[in-house]
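Please treat every number below as a calculation from the coordinates, not as lab data. Note that the coordinates shown come from a computational prediction; the quantities given were computed from them, not determined experimentally. Glycine gets a Cβ as well: all are built from the backbone with ideal geometry, and neighbour counts include every protein chain shown.
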Amino acid sequence: MGTETKVAVITGASSGIGRAIAERFLENGYRLALMARSEEGLLEIKRKSPENVIVVPGDVTKADSLDRLVEESIKAYGAVDVVIPNAGAAKVVPFTESGPDAIAEQFNLNFVAATETVRKFLPHIAPQGSVIFITTFLTTVGFPGLAIYNSSKAALKSFAQTLAVELAPQGIRVNSIAPGPIGTPLWGKVGLPADVLASVAEAVNARLMPGRFGEPADIADTALFLASPGAKNIYGQEIVVDGGYTIG
């Protein structure tokens, strides 16, 4: 089956990395099922190829939204080939405020919603299908205030490794992509003042081999590769796309 007949499901697709992945897959012949809370961002993608994109506005932390995404996807396409539960968010929370509620909020979005998206789609993933989780380079480096976020992504990384073993007999590959510092709206929403963000960015840039933040398209290209036959022997891996930050 050629990519022109393949279907990719992408959550958090209205902006940043999710949108870049959606646009890259669309350019390469995939049909898409997209979810995000912002319908307008999804419709902008749909306008590029209306017959090849279905838009399902919703909140991935809510079961009825995910059920609707599965229902609409299967109604439109019959089955899916690639599931990328990209929706997530980083929030700076000092350790002193990292109580159960703060932990639950980020884990529900970054871990539970991601795994639930895959679980609900599992009966509908075609043989030779692919699941791609989005983790973060921060699972291997410390970053003050992001202990909860980093932990939620570390849990997802570990989950993906085990799920890869569990789903391999069904012909479904599971991998992760760990973005490094990428210029997306996520950085502006972590809750740091502008001047602090600027100094953080300067310090980060000094550790990046290209000397600048990566682009969402870098992650999109990696996702496209992991979903392709060229990655047919890659199972349970986390591909770090971080401009060399974690080795610098």
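The table below gives the values:
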read-out: When each of 91/232; 6/62; 6/157; 153/232 is checked by Cα-Cα distance, pairs over 29 Å; value: 91/232
read-out: Protection proxy ranking, peptides 22-35, 226-239, average beta carbon neighbours within 10 Å, highest first; value: 22-35, 226-239
read-out: Estimated 222 nm signal from helices in the chain, with DSSP H stretches of n ≥ 4 weighted -39500 (n - 2.57), rounded to 500; value: -12500 deg cm²/dmol
read-out: Convex hull per residue volume in Å³, alpha carbons only, for the stretch 4-158; value: 110 Å³
read-out: Under 5 Å, built H, 5+ apart or other chain: amide partners of residue 239; value: 176, 177, 178
read-out: Relative pair counts by distance (%), Cα atoms of the stretch 28-98, 5 Å bins; value: 3, 15, 22, 24, 15, 7, 5, 4, 3, 1
